[in-house]
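The values are calculated or read from the model by the stated rules, or taken from the named source; none is laboratory data. Just so it is clear, the structure is predicted and the values come from calculations on it, not from any experiment. Neighbour counts run over all protein chains shown; Cβ positions are idealised from the backbone, glycine included. Protein only, heavy atoms only, side chains kept; ligands, DNA and RNA dropped before computing areas. Shrake-Rupley method; radii C 1.70, N 1.55, O 1.52, S 1.80 Å.
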Amino acid sequence: MAPRSKPRKKAHKLGGSDGIFQFPEAILQKIFFFLPVEDAVSLSAASKTWRNVWTSLPILNLRLDHNEYVTFESFVSSVEDSLSILRSRKAKIESFFLTIDPQEKEGSDLESHLHDWLTLIMKNYVKEIELRVSESPNDIFYTIPQSVFTSKSLVKLQLIGCKFPADILFSDGGGDRKKSRRRRHEFLCLKEIILEDVVARDDQIKELVNHSKNFLEKLTIKTSPAMELLSLEFFLKLSFLK
């Protein structure tokens, strides 16, 4: 007599009664937290369950001004408190406005905090970023993290008194240069760019603008010295230029 074959186990469907969709919302939120923001957006469009997780994310409007605080320590503490929720879950950030008035003694500490805050912000779905760095002693300029230049959710980017990374990569391949060349990044909804007193090479500004050409409506560039040439021939939606 032939041996009886063992019955096959039924495969669980992703949306079945005991599948991943039956996890508590807290677990699903945790899964969302570890996903890249683009994947989280795509997943939310794939099913009602994930869409409910997406719509349950907190909506934040963050406006923080260094000049409104008596001490540097109180300013840092306020920013940390405002961003603390982002260390445990994702959020939809309508706007992040940060004004910094650096003093010489705060230089390195403030730059470290700024890098941490922006890196944390960019792990989420953020629509507007406005970063203003007042004129600082000894010509201190704060370098913008690479992640700002690979966001697909940005609608408005305003940088004043900041510095571009020396070797900026407009791609979603992270630090892997070979991968970055294969996966070129285009901003999917960036409509307005404002750059004032930024430290950046002409080719970096041109590349930022060119990667936004499909949706860009407003462009303001104030640099010293002025850019020599900027071609805007195929910017069909551009209606404001300064």
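Could you tally the net charge around Phe240, taking each other residue with its Cβ under 12 Å from the Cβ of Phe240, Lys/Arg +1 and Asp/Glu -1? If you can, show how the numbers build up before the last one.
On the way: positive: Lys191, Lys218, Lys237, Lys242; negative: Glu192, Glu217.
Overall, the nearby charge balance is +2.
Put Arg89, Arg201 in order of accessible area, largest first, 1.4 Å probe: what do you get?
Result, largest first: Arg201, Arg89.
Can you sort Phe72, Phe149 by 1.4 Å-probe accessible area, starting with the largest?
Result of the area sort, largest leading: Phe72, Phe149.
Quick one: which of Lys90/Lys163; Lys90/Lys213; Lys92/Lys206; Lys92/Lys156; Lys127/Lys206; Lys48/Lys237 span more than 25 angstrom between C-alpha atoms?
Listed pairs above 25 Å: Lys90/Lys163; Lys90/Lys213; Lys92/Lys206; Lys48/Lys237.
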